[in-house]
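The values are calculated or read from the model by the stated rules, or taken from the named source; none is laboratory data. Model, not experiment: these values are computed from the prediction. For neighbour counting, all protein chains shown are included, and Cβ atoms are generated from backbone atoms with ideal geometry for every residue, glycine included. In case anyone asks, the SASA skips ligands and DNA or RNA and just uses the protein heavy atoms, side chains included. Shrake-Rupley method; radii C 1.70, N 1.55, O 1.52, S 1.80 Å.
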Amino acid sequence: MAENRIEQRPVATGTVAKAVQILTLVTSPPRHFSTVSEIAEELAIPRPTATRLVNNLIKLGMLKREAGGKKIIEGDDLVGLAAATLTGSASRGPRHEILHELVLATRETANIGTLVNGQVVYLDRVEALWPLAFRLEIGSRVPLYCSALGKLILAMMPDDQLDKYLDTVVLRSLTENTLKSQAELADEISQIRRDGISIDREECFEGVIGIAVPVISAPPTIGLALVAPSSRQTPEGLRQLVPLMQDAADRLAKCYHVG
C-alpha cells in the first residue's frame, strides 16, 4: 500500500527570508517587537545583521522609524504595496460577488475600503443601476474625517492613535456640511462607537450621502459602505439597509479569514 505523503512547503533561508520575517514581525499585532534590539532577540539573529536588514528595508521604503524615536514601523511603500495587493485581489472571487449581491438587494452603490497613509483607499466598488454623478475608481482616496468609511475607521482606532490624529488633523471644508472642529469630530466618533455605524451627511461630496459598517475591526481595518445621491435617498433610508450591510460584512470578513 502506498504511503500517504503530506507535501510541506520548503523552509526558506537566507537574507530574503530574514527580511520577510522582520516585516512580518513589525506589522503583525500586537506589535511588541518594534526596536532593532527586540527584532534581533525575537528572531534569534545577530544585532549587526538585524541592523543591516532593517536599514536596507528602510531605504526601500518597506519600514521607517517613527518620528522622534527608535520604534520601527511599516514604511509608506510597504503600506502602498499592501493596498495594491488588496485592491488587486478584491475584484476577484467571492468578495466582488458579495458587493454585487448587496447592490442588487439595496439598489445603491457599494464599496469597501481601508486605511492607507492617513486616508481611505477604496479596494473594490460596484455601481448601482443609477450611477452617481461622479465616479470614485478603485484605488481612489478620500479623507478620514468627512467620509462614512473614514469616520468608521477612526472609530475603530485605538484611543492613543485616535488622539494623535485628532491633535494633528486639519479639517479642510469640502462641503458646507464638513465637520468644522476636532470636538465635533470626536463627538461623532463617540456616536459611531455606540451605534456601530457611520453616516456621511454630504460632508465629503455635495449631493452624496453614505453609510458604513465594519468588516474587520482589528488592523488592517476594513469597512463596507453604501453611497447614494441625497436627491433620492436619506440617511434614515440608508439606516434601513444596515441589516443587509451587516450580513454582507459578515460574509466579507469570512473571505478575509476573519471570524
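Aliphatic (A, V, I, L, M) and over 21 Å from Leu244 (Cβ atoms): is that true of Leu171 in this structure? Give the steps one after another, and end with the answer.
Details: aliphatic (A, V, I, L, M): yes; over 21 Å from Leu244 (Cβ atoms): yes.
Yes: the conditions hold for Leu171.
Cβ contacts < 7 Å: first residue polar (S, T, N, Q), restricted to the stretch 36-59; second residue part of a helix (DSSP H, G or I) and open to solvent by 70 Å² or more (accessible area, probe 1.4 Å), any location; separation 6+ or different chain. Result?
If the second residue must be part of a helix (DSSP H, G or I) and open to solvent by 70 Å² or more (accessible area, probe 1.4 Å), the pairs left are Ser37/Arg47.
Within the stretch 232-250, can you find the residues that are open to solvent by less than 90 Å² (accessible area, probe 1.4 Å) and assigned to a loop (DSSP other than H, G, I, E, B)?
Gln233, Thr234, Leu241 - these are the residues of the stretch 232-250 that are open to solvent by less than 90 Å² (accessible area, probe 1.4 Å) and assigned to a loop (DSSP other than H, G, I, E, B).
Could you grab me the full set of residues in the stretch 91-117 that are open to solvent by less than 60 Å² (accessible area, probe 1.4 Å) and either at pLDDT below 85 or among the hydroxyl-bearing types (Ser, Thr, Tyr) (or both)?
Ser91, Gly93, Thr106, Thr109, Thr114, Val116
Could you tell me which numbered condition Ala218 fails, if it satisfies all but one of (1) touching a strand residue (DSSP E or B) at 6+ places or on another chain (Cβ under 8 Å); (2) farther than 20 Å from Val126 by Cβ?
Failing condition for Ala218: (1).
Output the residues belonging to the stretch 183-208 that are part of a loop (DSSP other than H, G, I, E, B), within 14 Å of Ala228 (Cα to Cα) and open to solvent by less than 30 Å² (accessible area, probe 1.4 Å).
If the condition is that a residue be part of a loop (DSSP other than H, G, I, E, B), within 14 Å of Ala228 (Cα to Cα) and open to solvent by less than 30 Å² (accessible area, probe 1.4 Å), then Glu203, Cys204, Gly207 are the ones that fit.
Could you tell me which residue of the stretch 50-75 is nearest to the chain's Cα centre (by Cα), considering only residues that are in a strand (DSSP E or B) and over 13 Å from Thr35 (Cβ atoms)? Let's see the steps before the verdict.
Initially, the stretch 50-75 is screened for residues in a strand (DSSP E or B), giving 63-65, 72-74.
Now restrict to residues that are over 13 Å from Thr35 (Cβ atoms): 64, 74.
Working: Lys64: 19, Glu74: 14 Å.
It comes out as Glu74.
If you check Ile211 against the conditions, is it surrounded by fewer than 24 Cβ atoms within 10 Å (Cβ to Cβ) and of a type in the set (Val, Ile, Thr)?
no
Looking at the stretch 130-148, which of its residues are closer than 21 Å to Leu244 by Cβ and modelled with pLDDT under 80?
Within the stretch 130-148, Trp130, Pro131, Leu132 qualify.
Does Val120 fit the bill of being modelled with pLDDT under 90, of a type in the set (Val, Ile, Thr) and more than 15 Å from Ala228 (Cβ to Cβ)?
So Val120 does not fit the description; no.
Being under 23 Å from Val116 (Cβ atoms), in contact with an Asp or Glu (Cβ under 9 Å, 6 or more places away or on another chain) and at pLDDT below 95 narrows it down to one of Gly259, Gly210, so name that one.
Every option except Gly259 fails the conditions.
Here are some residues: Leu224, Leu166, Leu152, Leu174. Which one is assigned to a helix (DSSP H, G or I) and closer than 23 Å to Ile112 by Cβ?
On the way: Leu224 fails: assigned to a helix (DSSP H, G or I); Leu166 fails: closer than 23 Å to Ile112 by Cβ; Leu174 fails: assigned to a helix (DSSP H, G or I).
The match here is Leu152.
Take Ala253 and decide whether it is assigned to a helix (DSSP H, G or I), buried (at least 17 other Cβ atoms within 10 Å of the Cβ) and touching a residue at least 40 places away in the same chain (Cβ under 8 Å). Give the steps one after another, and end with the answer.
Working: assigned to a helix (DSSP H, G or I): yes; buried (at least 17 other Cβ atoms within 10 Å of the Cβ): yes; touching a residue at least 40 places away in the same chain (Cβ under 8 Å): no.
Against the criterion (assigned to a helix (DSSP H, G or I), buried (at least 17 other Cβ atoms within 10 Å of the Cβ) and touching a residue at least 40 places away in the same chain (Cβ under 8 Å)), Ala253 does not qualify.
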